[in-house]
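Here the structure is laid out as structure tokens; the discussion comes afterwards.
Quick note: the coordinates plus some simple rules give every number you see, no bench work behind them. Please read all numbers here as calculations on a predicted model, not as lab measurements. Please note: Cβ atoms are built from the backbone with ideal geometry, for glycine as well, and neighbour counts cover all protein chains shown.
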Amino acid sequence: MTKQEIDPMPEANNLDRQRLEALHSELHRHAHNYYVLDAPTVPDAEYDRLFRELQAIEAAYPQWITPDSPTQRVGGKPLDQFASVRHAVPMLSIRTETDTESSGAQAFDTRVRKELELTETEAAVEYVAELKFDGLAINLRYENGVLVQAATRGDGENGEDVTQNIRTVGQIPLRISAPRLAAVGAALPPEGTRSALERPGGEPSLLADEVPKVLEVRGEVYMRRDDFEALNERQRGRIAAGEKGEKTFVNPRNAAAGAVRQLDPAIAAQRPLSFFAYGVGEVAPQSVGSLFATHMELLQTLKSWGFPVADEIRVVRGADELVAFHQNIALTRDQLPFDIDGVVYKVNSLALQQRLGFVTREPRWAVAHKFPAQEQMTTVLAIDVQVGRTGKLTPVAKLAPVFVGGVTVTNATLHNEDEARRKDVRVGDTVIVRRAGDVIPEVVGVVPQAADQPPRERSAIFTMPRICPVCGSAAVREEGEADYRCTGGLFCNAQCKQAILHFAQRRAVEIEGLGDKLVEQLVDANIIRTLPDLYRVGFVALASLERMAEKSAQNIVDALEKSKQTTLPRFLFGLGIRHVGEATAKELARHFGGLDAIMDATEEALLQVNDVGPIVAKSLRTFFDQAHNREVVEQLRACGIYWEEGAASADSPKPLAGMTFVLTGTLPTLGRDDAKDKIEAAGGKVSGSVSKKTSYVVAGTEAGSKLTKAQELGVAVLDEAALLEMLK
Ligand code: IVH
């Protein structure tokens, strides 16, 4: 409603009316700074005070409540069903290329050039490359700058009227007007970090202050991952408090879709939704084509009107640059605060878009290029319980094979009993499995049974067995611990096998060729029970094993012999003492010099060592207080395991103390393992992931996403030569 449409009013009301309008503007401005620009300009308390003042005026003059009032974001009555909305301009879908990155982009560019009848010698076509957000498409209709209707895509012709819910989304302007311009200009990022969205010099479009009478903005409603996690955390609290009908959500997309299609807007208001604009629907009285020359210009203008537009947008030329965009986003995708399922390429020129037109329901000027899905549905075939080296029992869901995140997944950990029960994963359930980046696959949640299907009987809720599934010893969960542990120790075949594999691994004493299959055979045949047994097997026993050639048996014998010459840190780490990793083993060796001193050290003495806290000290004492563990050490020494002992050195120089390094790519001279050893020896730490706390990222050849992340966070990057210099 504009000013002219409001009834003439008596003088007495005039001041209230003016105040109401001032409050509208002020609250809109604060909300935009807060939700869209992420740069709050007033404290929450001040916002609340202005909000209450507006509510009070509206209570006195209900006839002044307009749909764009900031008070109208929350509230509204629950609906029985959504009204149907016929879209003024159909909401089309886009063709999806699932091909490899280069052939997908190439095929699109070739089609566009052919359609435009461009010869090979003619210039490359200009495209806008965008993210493909994984949310829900929405059409926002503004008349005279006021949000009058929000609708879902539906079948493309008819959607659902979800205006009440969409009003609750703080990032969506209830009204668009010229005053936004000041805020946009002020919020420009510094020179050099600008995305393609910002014009050189930062002046908004000349058209920006002329909002069309009818403007439909199209975009995606989504939920940020952190908002999603927080929402689920709250939901878990509600479920724990016994609130009826509450549930957790399987992923941000489902949570966002559920919120938009929620009949009670009060509930929708509690769901933290976000929005990105990526296009327009009806624009009148002038057409989009007469207002803007390019799609990029349109996006820039939408941004200047207060709509959130993603920063990761580039104007590129030709297929190669599309491929580069795709590759770059594929690498950095996990670092975005929200989910995407691909990228979208669009012809930039609106005139060319018009010439290209549509085939059936899809524009010829746009294509979506998807990434391999990170989530898939599959069925739980069984829930097994695996026993780890320290006796930890881990429930693992056995899944019907499913291709997700680029690999076929058949197992997914459920971590522990509480986690398995919290997710309530049961045999026979349909679940969503997620594998993002190199992270191990996990079961995100159970897909609820469809309401229109006859309910299926579910199997029993998962319970951790109270005896070890491998050796039958008692499995216990100690006070305050999340895990059950088998108490069988080396009597348990599973623990025994893992302990041997741990000792034999490359970073411990390294017994080349002693892999899981062989250890399995040796333990199951009762040839080996303890670590010293390894050095007693001999050629004959090995050669007599099934599928073992003489040559291979001899190789193992040789590898065993070679492993005897080791170092104290490798040996100590290889013993598999709980909480004693490689770095701690190195610190212990450096501090005490020899093994006997470590075995006899009191907890107080152990606490003097770098990196050793009460838990590690206690664990070491417990281990060496057990006679059978000392026996293992003695026997290993008797078998000929040998290392140089050094002098105790409490304070060797530590030039890299307090620094954290992340290694990425190939380091041609040192290799990653050696580099790690050297950094640790110099007092530094080596971590697997880049954060603001990282001191340096050491990038070798073919460095990947960690390098990109370092550049984004402004973390210093070294090459191998610079690292070697620091280590001198
Ligand atoms: S443009 C005519 N741009 O993908 C072109 N769509 O089938 C209309 N989507 O569900 C769509 N990110 O909601 C476009 N940057 C983006 C997008 C995007 C996500 C969704 C859209 C729809 C589907 C298109």
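Quick check on segment 524-676: take the gyration tensor over C-alpha atoms, sort the square-rooted eigenvalues as a ≥ b ≥ c, and tell me if it's rounded (a/c under 1.5), prolate or oblate. Judged from the Cα gyration tensor, segment 524-676 comes out oblate (a/c at least 1.5, b/c at or above a/b). This ranking places 678, 303, 346 by how few other beta-carbon atoms lie within 10 Å of each, fewest first, which gives 678, 346, 303.
What ranking do 138, 65 get, fewest neighbouring Cβ atoms within 10 angstrom at the top? Spell out each step's value before the answer.
Values: 138 25, 65 16.
By the 10 Å Cβ count, ascending, the order reads 65, 138.
Once fully extended, how much extra length lies between residue 607 and residue 143, figured as 0.36 nm per residue of separation less the alpha-carbon to alpha-carbon distance? Display every interim value, and only then the final one.
Working: separation 464, 0.36 × 464 = 167.04 nm, distance 7.04 nm.
My answer for the length gained is 160.0 nm.
Ranking of 64, 305 by neighbouring Cβ atoms within 10 Å, starting from the fewest: 64, 305.
Placing a pseudo-label 7 Å from each Cα along the Cα-to-Cβ vector at residue 558 and residue 634 gives an inter-label distance of 3.5 nm.
In this structure, residue 530 and residue 644 have a Cβ-Cβ separation that, at R0 = 22 Å, corresponds to a calculated FRET efficiency of about 0.30.
Straightening the chain between residue 287 and residue 50 buys 81.5 nm, computed as 0.36 nm per residue apart minus the Cα-Cα spacing. Specify whether the C-alpha gyration tensor of segment 394-484 places it in the rounded, prolate or oblate class, a ≥ b ≥ c being the square roots of the eigenvalues: rounded for a/c under 1.5, otherwise prolate if a/b is larger than b/c and oblate if not. Because a/c hits 1.5 or more and a/b fails to exceed b/c, segment 394-484 counts as oblate.
Given the pairs 497/564; 247/370; 303/346, which span a C-alpha to C-alpha distance of over 22 angstrom in this model?
Working: 497/564 20 Å; 247/370 30 Å; 303/346 18 Å.
In this structure, 247/370 exceed 22 Å between Cα atoms.
Using the Cβ-Cβ distance between residue 41 and residue 121 with R0 set to 51 Å, the FRET efficiency from 1/(1 + (r/R0)^6) comes to roughly 0.45.
Can you bin segment 362-520 into rounded, prolate or oblate? Criterion: square roots of the alpha carbon gyration tensor eigenvalues sorted a ≥ b ≥ c, rounded for a/c under 1.5, prolate for a/b above b/c, oblate for the rest. Verdict is oblate for segment 362-520.
Compared with the dominant principal axis of the Cα atoms in the chain, helix 11-31 is inclined by about 30°.
Per-residue ellipticity at 222 nm from helix content only, as computed over the chain with -39500 (n - 2.57) for each DSSP H run of at least four residues, stands at -10500 deg cm²/dmol. Label-to-label distance, residue 440 versus residue 14, with points set 7 angstrom from Cα along the beta-carbon direction: 7.4 nm.
Pairs of alpha-carbon atoms within less than 8 angstrom and 6+ residues apart define the contacts here; what relative contact order does segment 514-660 have, in percent? Write down the numbers at each step before the final one.
Numbers: 123 pairs, mean separation 39.0, N = 147.
Result for segment 514-660 is 27 percent.
The angle separating the long axis of helix 550-563 from the principal Cα axis of greatest extent in the chain is about 90 degrees.
Of all DSSP beta bridges confined to segment 321-479, the antiparallel ones make up roughly 95%.
Against the main long axis of the alpha-carbon atoms of the chain, helix 225-240 sits at an angle near 80°.
Given contacts defined as C-alpha pairs under 8 Å and at least six residues apart, what's the relative contact order of the chain, whole-number percent?
Details: 1256 pairs, mean separation 68.6, N = 728.
Relative contact order here is 9 percent.
PRE reach from residue 452 (point 7 Å along Cα→Cβ): which of segment 136-156 fall under 11 Å by backbone N? Once the point is set 7 Å along Cα→Cβ of residue 452, nothing inside segment 136-156 turns out to lie under 11 Å by backbone N. Taking 4.7 Å between beta carbons as the limit, the unpaired Cys residues of the chain are 496, 639.
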